[in-house]
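Here is the structure we will look at, set down as structure tokens.
Read-outs: derived from the displayed coordinates by stated rules, not from any lab. Every value quoted in this text rests on a predicted model; they were computed, and no experiment measured them. Cβ coordinates were reconstructed from backbone atoms using ideal geometry, including for glycine residues, and neighbour counts include every protein chain displayed.
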Amino acid sequence: MENQEQTTAVEQQYLWAVGLDTEVFPPDSLIGDRYRVLSSQIVVDTDTFSLPELPNEFQTYVVSYLKLSRLSLHLPRPYGLLLLGEELALSEVFLLENVPIDRQGKLCPTLAETWAKSSALRQINLLWQVLNLWQPLAEQNMTRTLFDPQLVRVDGMWIRLLELKADVTAVHIAQLGDIWVQWLDDAKPEIAEPIAEFFYSLGRGEYDINSAIAYLDQVSLKLMQDQPLTVRIASATDVGMQREHNEDACYPDIKRQKRSEQADSMRDRLAIVCDGLGGHEGGEVASSLAIKTLEQQLKTLLHQAENDPDFSAQGFIAQLEMVARVVNNQIVAINDQQHRQAQQRMGTTLVMAVMPRPNGKPSNEVYVVHVGDSRLYCVTTDNLRQVTLDDDVATRETTLGYNFYAYSAQRIDGGALIQALGTRSSDMLVPRVQRFLIDEDCVLLLCSDGLSDFDRVDQISQDYLVPILTENKPLDLSCKDLIDQANHLNGHDNITVAIMRCRFVEESAEDLAEENDLVVSDQTSSEEADTEDIPQQKEEDVAGALVTTSYQDAAADDEDTEGGVSVSETAKTELAVPKQTNSAFIVALVLVALILGSGLAAMQFPQVKDWVRQHLPTNLQKFVP
């Protein structure tokens, strides 16, 4: 009964009624005996278990809404279309969902109203989001929307549009500069000068959309030099209540949660969740191989980004797309070699969050790579947003403009995936890479559908995700609680979660203590990991070798193995593994270093000196300076 009440509360949603005559339909009246008017154009569906009404044909503007609904972070989605009145005097009421209305049924404030109250980082972020909406809106001739102050709303750290307006005359990005220049007096002091220069130059037409976005990128990066951002990551996976095998995989590896066990280039900057497809023998292989290959590739990519003076967002996005195709090629090769066909072909979903440090500088940008129906959510103390959009039939039908989502989701195959890594060649794969900025403390939750099915994340976020921010709840405990809730409310599938907690604070003693707690709570796993170090090293090296081969053969046909090295052949290659160094050898090495004088600098550190004294024989300790 409790679960049923929770579900009903989630399904209750506010709608925005475009074209509603507020004089004919005052508050508390019903539209079409179904939609209750709360205030102005805000209505509530009183019968959410029935499909909304639709006409037989959609007008052009409705199709534009459907195609733009892929931008679910910022744009509303068509919900229903009512025809009211008599045949010769029909009026349309267009109902939109996913609109900027808060939990109390009030419209979120406009960008103009929010600007003066925002931090410098948020002011840049809000402008940045508006500019990033320009191109997709221009493709549907809807950029006029961004000039209407009543339509551009702010919900937490997100720009969200109330409705769309078609371009009736030519529009230019310079018009945004003319509007924004009026806000200069309320720009925060630390950005007042660069923003003033930007607004006036934009108004004079000196920027195109790409150069304008790039300028704000640089302003944001400069701001971040004085904004400490601490990121901590934890992950966990569980077989669930009904499956015999766990086909999910994640990064950080569940047996290596300690930050010290992660490569410097990836520490606190990468989280991945993969949900394997193709049964026990296939799904586990695909997801595991995907994680290992991604780990090897991202280690190199993030290191390059940190040392690249010419780092660019577009270049990094292109590299992330290539990495996804590399993983795809590996799995496709195994499928082809094993002659797997149709449903027997193994594959995996992917959701990955990456936070690079461009040219070694701290940044607040997040890149999300997504294939399939594993999801990423962004949670703040008063806001929950689903960042990714599932790659399923229902979403495809909607974003192609064929039907409203409520109807597409009713199809028998509505939830079927339209793509996953490994199921087909890379020229047919469309990895989706999104980029956004964070400007307040938040939690990024990556999860497989074992948790997200039936909107469970929405239902449990207040009790199990918000406390990570408000109460500094330990991440390992949070992962466990999320899995417990998924088993309790769903339980039908494997469950995997990864949590990235982002806070604008200096690294504290609590952060370090939390890491120690994480190690203690996972002591058994750590002991198991120690016994697997050498095999694990072999697997990672193989993954790295596979990726190198894929880059060289990226242009070749996936099924063409003549003259090349197959995946199975590469996996059989014996790789040298460094042997563990014993303590006697370490002692001898230290002695040699001391004798040669190269260890004198190290002896200036108390920790090094104490360690040497503890491990040297008593008769040799006199040589320690």
Q: Run the quick spin-label model on Asp308 and Tyr61: label points 7 Å from Cα toward the beta carbon, then report their separation in nm to one decimal.
A: 4.3 nm
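Gln338 to Gln227: extension gain in nm, 0.36 nm per residue of separation minus the Cα-Cα distance? Could you put the intermediate results ahead of the total?
Details: separation 111, 0.36 × 111 = 39.96 nm, distance 5.16 nm.
Full extension from Gln338 to Gln227 adds 34.8 nm.
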(Q) For the stretch 159-175 and the stretch 203-279, what is the centre-to-centre distance using only Cα atoms, to the nearest Å? (A) 32 Å
Q: Can you check what the net charge comes to around Glu365, using other residues whose Cβ is under 12 Å from the Cβ of Glu365 (Lys, Arg +1; Asp, Glu -1)?
A: +2
Q.
What FRET efficiency comes out for Ile209 versus Glu86 if R0 is 51 angstrom and r is the Cβ-Cβ distance? Round to the nearest 0.05.
A. 0.65
Q: Go ahead and collect, in residue order, the members of the stretch 352-394 whose backbone nitrogen is under 15 Å from a label point 7 Å along the Cα-Cβ direction of Thr470.
A: 379-384
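Figure the gain on full extension for Gln182 and Glu506 (residue separation times 0.36 nm, minus the Cα-Cα span) and round it to one decimal in nm. Present the calculation step by step, with values, prior to reporting the outcome.
Values: separation 324, 0.36 × 324 = 116.64 nm, distance 3.51 nm.
Gain in length upon complete extension: 113.1 nm.
Quick check on the stretch 446-496: take the gyration tensor over C-alpha atoms, sort the square-rooted eigenvalues as a ≥ b ≥ c, and tell me if it's rounded (a/c under 1.5), prolate or oblate. Don't skip to the end; give the middle numbers.
Numbers: a/c = 2.32, a/b = 1.70, b/c = 1.36.
Verdict is prolate for the stretch 446-496.
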Q | Environment charge of Gln129, counting only residues whose C-beta is closer than 13 Å and scoring Lys/Arg +1, Asp/Glu -1 | A | +1
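Output the pairs from Lys188/Lys361; Lys67/Lys188; Lys117/Lys299; Lys67/Lys299 with a Cα-Cα distance over 29 Å in this structure; if there are none, say none.
Details: Lys188/Lys361 22 Å; Lys67/Lys188 37 Å; Lys117/Lys299 39 Å; Lys67/Lys299 36 Å.
The pairs that break the limit, which is 29 Å between Cα atoms, are Lys67/Lys188; Lys117/Lys299; Lys67/Lys299.
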Q. Hey, how many Å between the Cα centroid of the stretch 27-91 and the Cα centroid of the stretch 472-508?
A. 37 Å
(Q) When a/c reaches 1.5 or more, the comparison of a/b and b/c decides; with that in mind, is the stretch 302-427 rounded, prolate or oblate per its Cα gyration tensor? (A) oblate
